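The values are calculated or read from the model by the stated rules, or taken from the named source; none is laboratory data. Remember, predicted model here, so these are calculated numbers, not experimental data. For neighbour counting, all protein chains shown are included, and Cβ atoms are generated from backbone atoms with ideal geometry for every residue, glycine included.
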Amino acid sequence: MRFWNRLARPGVFKRAIIEGMTIATDQARAVELGGRSIESASDHQLVAAIRDGDEAAFQEIVRRYQNQITNFMYRMLDDYDRSVELAQETFIRIYTSAHRYKADYSFSTYIYRIAANLAISELRRRRRRKLISLSFADEDGEQVQIDPPDGKPLPDERLIEEERRRAVARAIKSLPEKYRVAVVLRDIEGLSYEEIARALNLSEGTVKSRINRARNLLREKLSAYI
Amino acid sequence: MSCKKIRKLIDEAERPDLLMPEAARHVESCPACAEFARQRAALRQLLASSGRVGAPPDFQLRLKRRLEELTPPAPALSPLWKLAAAAAAAMLVIGSALLLRSPQQPPNRPAMTASSIARPEPAQIQTPQKIADKKPAAISKAARRRARPSAPRTEELDAMPRAALVLVRGQDVEYELAIPAISIGAQPIFYGAPSSGSARMVKTSF
């Protein structure tokens, strides 16, 4: 058996997974998983199936978490295209390290840990490279982000909402990364303190402290909307 | 409990409207803490309702492409390479058996045939009982079809040089025979005549 395993071409298993991803979503959902439908399978069961080469299980995990992880990345980076890339990188790491996954805690904690590490690494990389975003300082010296206008007049309500959204994005972006990741996971992604502590490998006390500091800073920047 | 501790409880509440009884009672009587609780609730609501973005429609397709870049397609093995690999494995096994069993022949010795091999001493190989010589059943047409068209004929096999001895042991019979080199890596089909102590190969699957 070992002999034939050595003869087996490398990548055959992975190619089977990739080719299987072309299966239509409806067909993938019809695949049975240990007697349960794939949609009703738990995250742990899906990861175990991914470890065994089940491409439909991997598709299901991506379907379940792609929006959450993309939104988390966007809140951290304020750059949609890069957020999508890093969200995909998160799933690639899930796929390539499925054999190392242990069901000691919830899968959402696991995936957010990977996503948080990628986001923080990206922020540090940008800081080192001193990337300058398209912005200028207003009369008060505050950096203001510029979004290219689309030329269409917006109703007042939409203008107000759009300005509020930008203000929140700016405020979050102004936070130090260790406060930013904690408050985004808590107040935007809705993770519990315990889940955040596991994802960031911190104590609950440290998590609560960082969230408290983040909220204090945000309250100052968003006082006009509170 | 001090206002500082109450505000800590307010901040750590799972939901702004789910304060601990002690904190709720304090907020009712302390305007400063009540204002703090109101601002905290408004901030959390603002963050939670700041709009969410989702993955683009082609997210899974782009993910698939990235995975493909990580694992380049494996080149398909041609049948010739598979055959070579199988033959190499068989030669390794047979060669090991040769080294353990018999010395190498000098290159100037004449090729052996099945009939020229000396029968072993009775003490070495015991034939429990003799069976009557019977004309064996003809090889079925299906078996012949399974053999490759290029398989050598019986008389050709007899003339081929021998490369190994094989001990054949059945329920009622035991004999040894020599197989030619061509059978290495192949599945030979034999006709044996145990009473004569020899057998010859009829076909190979090679």
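Please go through region A:135-189 and pick out each residue that is part of a loop (DSSP other than H, G, I, E, B), at pLDDT 85 or above and touching a Leu at 6+ places or on another chain (Cβ under 8 Å). Full working, then the answer.
As a first pass, look at region A:135-189 and keep what is part of a loop (DSSP other than H, G, I, E, B): A:138-142, A:146-155, A:175-176, A:189.
Then drop every residue that is not at pLDDT 85 or above, which leaves A:175-176, A:189.
If the condition is that a residue be part of a loop (DSSP other than H, G, I, E, B), at pLDDT 85 or above and touching a Leu at 6+ places or on another chain (Cβ under 8 Å), then A:Leu175 is the only one that fits.
Given the conditions (1) facing chain B (nearest Cβ under 10 Å); (2) at pLDDT 90 or above, and given that A:Lys14 satisfies all but one, which numbered condition is not satisfied?
So A:Lys14 meets the others, but not (2).
Among the residues that make up region A:100-109, is at least one of them of a type in the set (A, V, I, L, M), away from chain B (no Cβ under 14 Å) and either part of a helix (DSSP H, G or I) or in contact (Cβ under 8 Å) with a residue 40 or more places away in the chain (or both)?
Our first condition is that a residue be of a type in the set (A, V, I, L, M); within region A:100-109, this holds for A:103.
Then drop every residue that is not away from chain B (no Cβ under 14 Å), which leaves A:103.
If we keep only those that are either part of a helix (DSSP H, G or I) or in contact (Cβ under 8 Å) with a residue 40 or more places away in the chain (or both) as well, we get A:103.
There is at least one residue in region A:100-109 that is of a type in the set (A, V, I, L, M), away from chain B (no Cβ under 14 Å) and either part of a helix (DSSP H, G or I) or in contact (Cβ under 8 Å) with a residue 40 or more places away in the chain (or both).
Being surrounded by fewer than 19 Cβ atoms within 10 Å (Cβ to Cβ) and at the interface with chain A (Cβ under 10 Å from one of its Cβ atoms) is the filter here, so list the residues in region B:24-42 that pass it. Write out each step before concluding.
Of all residues in region B:24-42, those surrounded by fewer than 19 Cβ atoms within 10 Å (Cβ to Cβ) come to B:24-25, B:28-32, B:34-36, B:38-39, B:41-42.
Within region B:24-42, B:Phe36, B:Arg38, B:Gln39, B:Ala41, B:Ala42 meet the criteria.
For the subset of region B:43-58 comprising residues that are at the interface with another protein chain (Cβ under 7 Å from one of its Cβ atoms) and surrounded by fewer than 16 Cβ atoms within 10 Å (Cβ to Cβ), which member is nearest to B:Lys5 (Cα to Cα)? First the steps, then the outcome.
Of region B:43-58, the ones at the interface with another protein chain (Cβ under 7 Å from one of its Cβ atoms) are B:43-44, B:46-48, B:50-56.
Applying the additional criterion that residues be surrounded by fewer than 16 Cβ atoms within 10 Å (Cβ to Cβ) yields B:48, B:51-54, B:56.
Values: B:Ala48: 25, B:Gly51: 32, B:Arg52: 33, B:Val53: 36, B:Gly54: 38, B:Pro56: 44 Å.
Among those residues, the one meeting the criterion is B:Ala48.
Could you give me the residue pairs with C-beta distances under 9 Å whose first residue belongs to region A:194-215 and is over 19 Å from A:Ala119 (Cβ atoms), whose second residue is at pLDDT below 95 and assigned to a loop (DSSP other than H, G, I, E, B) wherever it lies, and which are 6+ apart or on separate chains?
Partner pairs satisfying both residue conditions: A:Glu194/A:Tyr105.
Which one of the conditions (1) touching a residue at least 40 places away in the same chain (Cβ under 8 Å); (2) crowded, with 22+ Cβ neighbours inside 10 Å; (3) closer than 18 Å to B:Ala42 by Cβ does A:Val183 fail to meet, given that it meets all the rest?
All conditions are met except number (1).
A quick yes/no check of all residues on (1) surrounded by fewer than 24 Cβ atoms within 10 Å (Cβ to Cβ); (2) more than 8 Å from every other protein chain (Cβ to nearest Cβ):
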residue	(1), (2)
A:Asp52	yes, yes
A:Glu55	yes, yes
A:Gln59	no, no
A:Tyr65	yes, yes
A:Arg75	no, yes
A:Asp78	yes, yes
A:Val84	yes, no
A:Arg93	yes, yes
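Identify all residues within region A:76-92 that are part of a helix (DSSP H, G or I) and either touching a residue at least 24 places away in the same chain (Cβ under 8 Å) or touching a Pro at 6+ places or on another chain (Cβ under 8 Å) (or both); write none if there are none.
Residues of region A:76-92 that are part of a helix (DSSP H, G or I), as a first pass: A:76-77, A:80-92.
Passing the criteria: A:Met76, A:Leu77, A:Arg82, A:Val84, A:Leu86, A:Ala87, A:Glu89, A:Thr90, A:Phe91.
Given the structure, is B:Ser96 modelled with pLDDT of 75 or more and within 16 Å of B:Val166 (Cα to Cα)? Write out each step before concluding.
Values: modelled with pLDDT of 75 or more: yes; within 16 Å of B:Val166 (Cα to Cα): yes.
So B:Ser96 fits the description; yes.
Looking at B:Pro73, B:Pro21, can you tell me which residue is exposed (fewer than 14 other Cβ atoms within 10 Å of the Cβ), at pLDDT below 90 and facing chain A (nearest Cβ under 9 Å)? Walk me through it before giving the result.
Values: B:Pro21 fails: facing chain A (nearest Cβ under 9 Å).
Testing whether each residue is exposed (fewer than 14 other Cβ atoms within 10 Å of the Cβ), at pLDDT below 90 and facing chain A (nearest Cβ under 9 Å) leaves just B:Pro73.
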